[in-house]
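Asker: Okay, here's the structure, questions in a sec.
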Amino acid sequence: MTSADLTALLPYLILTAATVVILLTVAFVRNHRLIAGMTMAALALALASLPRAAAESPRAVTMLIHVDGFSLFFAGLLIAAAFAAAGLSHGYLERRRIRREEFYLLLLTATLGGCILPASTHFASLFLSLELLTVSLYGMIAYLRTEPLGIEAAVKYLILAAASSAFLLFGAALIYAERGTLELGRILLPAASSAGGLHPVLMPAGLAMVMAGIGFKLAVVPFHMWIPDIYQGAPAPVAGFIAAVSKGAVFAALVRVFSLYAFPSAGGIYWGLIAIAVLSMFAGNWLALLQTNVKRMLAYSSIAHFGYLLVALLAAGGNSVMAAAFYLAAYFAAILTAFGVIGALPEGGEAQSLEDFRGLFWRRPWAAAFFSAALLSLIGIPLTVGFIGKAYVLLAGVGSAVWLLAVVLIVTSAIGLYYYLRVILMMARPQEAEAGPGMRAVSGSRLEQLVLAVLSVLIIGLGVYPAPLLELIQKTAAGVLPF
C-alpha cells in the first residue's frame with residue numbers, strides 16, 4: 001500500500017486507532033466524561049479528515065475497498081450520525097448506575113463497520129464490515145443488563161442477524177459457483193453481456209438470497225419480524241443509532257451494488273424489489289397506526305421509510321442516487337431527534353406510551369418543539385427537510401415512470417399523517433393530575449439539549465434552504481460509478 005492509499009483510508013484509520021486508544025484508556029482510567037469526550041473528538045477528527053481523503057479519491061485500495069465521493073459522503077453522514085448518537089447517549093447513560101465506558105467502544109466499532117460498507121467492492125469486505133457492525137449492536141442493545149426487554153431484544157436481533165448472515169453467505173456461494181469470483185464489479189457488470197447469459201438457477205437464486213439477507217438488515221417486509229421488539233427493548237439512543245447508522249449503511253451498500261446492475265435484465269429481482277417496496281410502505285404505515293407505544297410506532301414507520309427509499313433505488317434514473325442520499329440525510333436528522341427526546345425525558349426510564357407525552361408542550365416546551373419538528377419531517381410537511389427528501393424520491397419515481405410506486409408512496413404518506421399528528425396532538429393536550437413516568441420529566445443533560453437543538457435546526461434549516469446539502473450530494477454521492 002502507498003501513502004496515497006493510507007490517506008484515502010484516513011477516516012477509517014482514525015476510527016480504528018481511536019478504538020484502540022480508548023480501549024487502553026478504559027483499562028486504566030474509568031471516567032465517563034473523559035471517554036465520551038474522547039469518542040466525540042475521534043468522530044469529529046474522522047469527519048474533518050474526509051476532505052483530505054477525498055483529495056486522493058477515487059482510489060481502489062486493494063480489491064476489497066474503493067474510496068470515492070460516494071463512499072466518503074456516506075461515511076461522513078454515518079460519522080455525523082454517530083457523533084449525535086454519542087452526545088445523546090452520554091446523558092442517557094449518566095442517569096443510570098452502570099459501567100458506561102465500554103458503550104463507546106461498541107459505538108466506534110459499529111460506526112467503523114457501517115462506514116466500510118458503502119466502500120466495499122468484494123463480498124469478503126462486505127460481509128466482514130456487516131458483521132463488525134452487527135456484532136457491536138448486540139452489545140449496544142443489551143447494554144442495560146438489568147432490563148429484561150433489552151436482553152430479549154438483543155437475543156432476537158442475534159437470531160435475525162444469524163438468519164441474515166446465512167442467506168448472504170449461501171447467496172454468495174451460489175454466485176461464486178456461477179461467476180467464479182466474489183468481486184462485486186465482476187459479478188454484476190458482465191452479467192448481461194456474457195456469452196452464456198445468466199445461469200437459469202444459480203445466479204437468480206444467489207441474488208435472491210443476497211437480497212433476502214439485506215432485507216433482514218433493512219427490516220423491510222417480509223423480513224421485519226421482531227424489529228418493533230428490538231426498538232422497544234433497546235436503549236433509546238441505540239434504537240436511533242440502529243434506525244440511522246445501521247440501516248443507512250446497509251442501504252448505501254445496496255445503492256452502490258445495484259448502480260452496477262441493469263434492472264431490465266434483472267427480471268425477477270426487479271419485480272421482487274417492487275413487491276417488497278409496496279408491501280413495506282403499506283404494512284409499515286398500517287401497523288404503525290395500531291400502536292400506542294411510540295418506540296414501536298417509530299419502528300414500524302421506519303419500515304415504511306425504507307420502502308420509500310426503495311422507490312429511489314428502483315427509479316434507477318439520473319436523480320435516483322441524489323434522491324436516496326438526500327432522503328437518508330433527512331431521515332437521519334429526524335429519527336435521531338425523535339429517539340433522543342424519548343431517551344431524554346423521564347428520570348430513570350423512557351417515555352414510550354402516548355400517555356407519557358400528554359401535556360408535554362406545557363411542561364417541557366423545548367422538548368416538545370424538538371419532537372414535533374422530527375415528527376413533521378418524518379411526515380414530509382413543507383418547511384422541513386423531510387418534505388424536500390420525499391419530493392425528490394417522488395420526482396425520481398415519476399421521472400423513471402415507476403407509477404405504481406409513486407402512487408403507493410403518496411397514498412401511504414397520507415396514512416402516516418394520522419399517527420404522527422396523533423403524538424403531536426397528545427403533547428398539546430392539558431396535563432392530567434395522575435400521570436405516567438413521562439410526567440416526571442427532566443430536560444436531559446446540556447449536551448443532549450445541544451445535540452437535539454442542532455438536529456432540529458438542521459431539520460428546519462435544510463427544509464427552508466436545502467441548496468448546501470444538494471450541492472454536496474451532487475459533487476460526491478450522485479456521481480457513483482462502477483468499481
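The values are calculated or read from the model by the stated rules, or taken from the named source; none is laboratory data. In this text, all values refer to a predicted model and were calculated from it rather than measured experimentally. Don't worry about glycine lacking a Cβ; one is built from the backbone with ideal geometry, like all the others, and counts go over all protein chains shown.
Asker: Assuming ALA344 fulfils every condition listed in (1) buried (at least 24 other Cβ atoms within 10 Å of the Cβ); (2) modelled with pLDDT under 90; (3) under 17 Å from LYS217 (Cα atoms) apart from one, which condition is it?
Answerer: (3)
Yes or no, residue by residue, for (1) touching a residue at least 24 places away in the same chain (Cβ under 8 Å); (2) crowded, with 17+ Cβ neighbours inside 10 Å; (3) not in a helix (DSSP H, G or I):
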residue: ALA124; (1), (2), (3): yes, no, no
residue: LEU128; (1), (2), (3): no, no, no
residue: LEU137; (1), (2), (3): yes, yes, no
residue: TYR143; (1), (2), (3): yes, yes, yes
residue: ALA163; (1), (2), (3): yes, no, no
residue: LEU169; (1), (2), (3): yes, no, no
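Asker: Something else: Restricting to the stretch 42-93, count the residues that are within 18 Å of ASP5 (Cα to Cα), touching an Asp or Glu at 6+ places or on another chain (Cβ under 8 Å) and of a type in the set (Gly, Ala, Ser).
Answerer: Qualifying residue count, the stretch 42-93: 1.
Asker: What are the residues in the stretch 296-314 that are over 16 Å from the mean Cα position of the chain (by Cα) and modelled with pLDDT of 90 or more, if any?
Answerer: Scanning the stretch 296-314 gives ARG296, MET297, VAL311.
Asker: Just need a number here: residues in the stretch 399-414 that are under 16 Å from TRP271 (Cα atoms), in a helix (DSSP H, G or I) and touching a Leu at 6+ places or on another chain (Cβ under 9 Å).
Answerer: Within the stretch 399-414, residues that are under 16 Å from TRP271 (Cα atoms), in a helix (DSSP H, G or I) and touching a Leu at 6+ places or on another chain (Cβ under 9 Å) number 2.
Asker: Look at SER320 and say whether it is among the polar types (S, T, N, Q), under 14 Å from ILE415 (Cα atoms) and crowded, with 24+ Cβ neighbours inside 10 Å.
Answerer: no
Asker: Among the residues of the stretch 377-397, is any without any contact (Cβ under 8 Å) to a residue 12 or more places away in the chain and at positive phi?
Answerer: no
Asker: A further question follows. Have a look at TYR392, TYR327 and point out the one that is buried (at least 24 other Cβ atoms within 10 Å of the Cβ), among the aromatic types (Phe, Trp, Tyr) and modelled with pLDDT of 90 or more.
Answerer: TYR327
Asker: Give me the residue from the stretch 2-58 that is closer than 16 Å to ILE116 by Cβ and exposed (fewer than 15 other Cβ atoms within 10 Å of the Cβ) and, out of that set, modelled with the highest pLDDT.
Answerer: Step by step, filter the stretch 2-58, then rank; the result is ALA17.
Asker: Something else now. State all residues of the stretch 68-91 that are of a type in the set (A, V, I, L, M, F, W, C) and over 26 Å from GLU102 (Cβ atoms); if no residue qualifies, say none.
Answerer: PHE70, LEU72, PHE73, PHE74, listed by residue number.
Asker: If the requirement is being without any contact (Cβ under 8 Å) to a residue 60 or more places away in the chain, over 20 Å from ALA253 (Cβ atoms) and out of contact with any Cys (no Cβ under 7 Å at 6 or more places or on another chain), which of these qualifies: LEU34, LEU93, LEU23, LEU105?
Answerer: Just a single option satisfies the conditions, and that option is LEU34.
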